[in-house]
Amino acid sequence: MRDTFRNWAGNQSATPTETAAPASAEEVARAVREAAEAGRRVRMAGSGHSFTGIALTDGLLLRPDALTGIRASGDGWVTAAAGTPLHVLNEELDRMGLALGNMGDISAQTLAGAIQTGTHGTGRDIGGLADQVIGLEMVLADGEIVTVSAGGTRKIRDGIGERDLFDAARVGLGALGVVTAVTFRVEPSFLLHSVRRPMSLTGILDTLGALTSDNEHLDFFWLPHTDTCLTKCNNRSPGPAAPPSAFRHWLDNRFLENTLFGALCGIGGRFPGVIPRINALSAAALSASARTDTSYKVFATVRDVRFLEMEYAIPREHLGEALSRTRDLIERSDWRITFPIEVRVAPSSDAWLSTAYGRRTAYIACHVYRPTPNPAYFEAVEEIMTEFGGRPHWGKIHTRDAAYLATVYPRFAAFQTLRDRLDPERVFANDHLDTVLG
Ligand SMILES: Cc1cc2nc3c(=O)[nH]c(=O)nc-3n(C[C@H](O)[C@H](O)[C@H](O)COP(=O)(O)OP(=O)(O)OC[C@H]3O[C@@H](n4cnc5c(N)ncnc54)[C@H](O)[C@@H]3O)c2cc1C
């Protein structure tokens, strides 16, 4: 029987002709060569946390489960197999007294899956995961295994230098090859002092510059239909560690943010009219709290309530205006939205298809409860974001195509040229890539 692949949100699925779980670069290379000879397309999936059809295939689907574990480490770097889940890497690094400098807000993704779509957290100085990558091992469409690194100057193919392939393939959408190992820059493990407090959206908009420059990691969540936000400011701390008690951790991370929130979303889904009241009550219940804990435990949260998400990256200087216009849009509409809008920032990136390529960036993310999709909401916010040259997250819902994306990514044509050279037969294509890459 053929396996069906389903993503985390449950809005994407495909039944590939064949599924395999290679355990090494050589096994991946063999699988890619055989599939190409049989005229089959190939995708490697991560943990299925993308909201789009980017990981889907009707050909050969490679699963990450056997391609895991740390392979090697040295001074300030660690190489791990591409299918390793981030939470496994975090725990292994912690045992070695090491840590990633920054990460997103969950750690369920695989290393390759996360970097291929440009997964990011929030950071004044340190960018998304792909910006912490200093080397990649990958299998190209003809089955050749290549390694590329940040300072590399080798010629990979005629007209393809190592540095170009490295910058293109870090956020490569799985379109340039199957990544089999990732080398991250790591640092000695560190503590983060995390302060959560409610603030008005008006207050945030008035002090945005100071909030983003005074904090290493600023993240805030605006509750639609209210003027209230929950801000999270994470900054490095010399200690001592002051983690939450097991009960407090359960209360905040499991009960309030998942169990209770899920129940409220369920009520809101059945009776949309009460959503503004639910949001007002949630806003009134927000309180300040602080803790100091190991970095990855602060960065990563648990997300059990299923949602759909759209996120846009815009130049940082337009954040205030883009957010005010999004608030006005929601106030003028008759939509009822339970999920907060999340705002994060990142420094400029040099990975060609990073959503932060070449510019200091702000991210605005809209979520809806999975059982009550609201395409009109997403598309109207998209219209605002595209006026600011917005770039949609590669793993989240959007309606942009290659013609638009070529106008907002200065190296888009260079990426396509590289793809034409490395995968002329489009072994690694799928319907989603046909839309976004052409
Ligand atoms: C609850 C939740 C929270 C999230 N939080 C964040 C966040 O904080 N920040 C953020 O930026 N995003 C976030 N995301 C989005 C998520 O990080 C990305 O969609 C990410 O790509 C998912 O990784 P994955 O391992 O599940 O990969 P998948 O979604 O399975 O695959 C993603 C892409 O990577 C490709 N790929 C996977 N493995 C390989 C490989 N070995 N070689 C080549 N290509 C490969 C796939 O073909 C596909 O194109 C979140 C998503 C969810 C559902």
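The values are calculated or read from the model by the stated rules, or taken from the named source; none is laboratory data. From a predicted model like this one, the values you see are computed outputs, not experimental measurements. Using ideal geometry, Cβ is built from the backbone for each residue, glycine included, and neighbour counts are taken over all protein chains shown. Heavy atoms of the whole protein, side chains included, go into the accessibility calculation; ligands, DNA and RNA do not. Shrake-Rupley method; radii C 1.70, N 1.55, O 1.52, S 1.80 Å.
Considering only protein heavy atoms and a 1.4 Å probe, what is the carbon-and-sulfur percentage of the accessible area of the chain?
About 52 percent, which is the carbon plus sulfur part of the accessible surface.
Name the aspartates and glutamates eligible as straight-distance cross-link partners of Lys396: C-alpha to C-alpha under 15 Å, and not fewer than 8 places from it in the same chain.
Correct list for Lys396: Asp105, Glu309, Glu311, Glu342, Glu379, Glu382.
Given the C-alpha centroids of segment 352-417 and segment 1-60, what is the distance between them in whole angstrom?
Value for the Cα centre distance between the two parts: 25 Å.
Given a 1.4 Å probe, how much area per residue of segment 1-152 is accessible, in Å²?
That works out to 37 Å² for each residue.
How far apart, in nanometres, would the label points at Arg421 and Ser287 be if each is projected 7 angstrom from Cα along the Cα-to-Cβ direction?
The modelled label-to-label distance comes out at 6.1 nm.
So, for segment 230-331, what is the accessible surface per residue at a probe of 1.4 Å, expressed in square angstrom?
48 Å²
How many angstrom lie between the Cα centre of segment 327-344 and the Cα centre of segment 82-138?
Spelled out, the Cα-based centre of one part sits 30 Å from the other.
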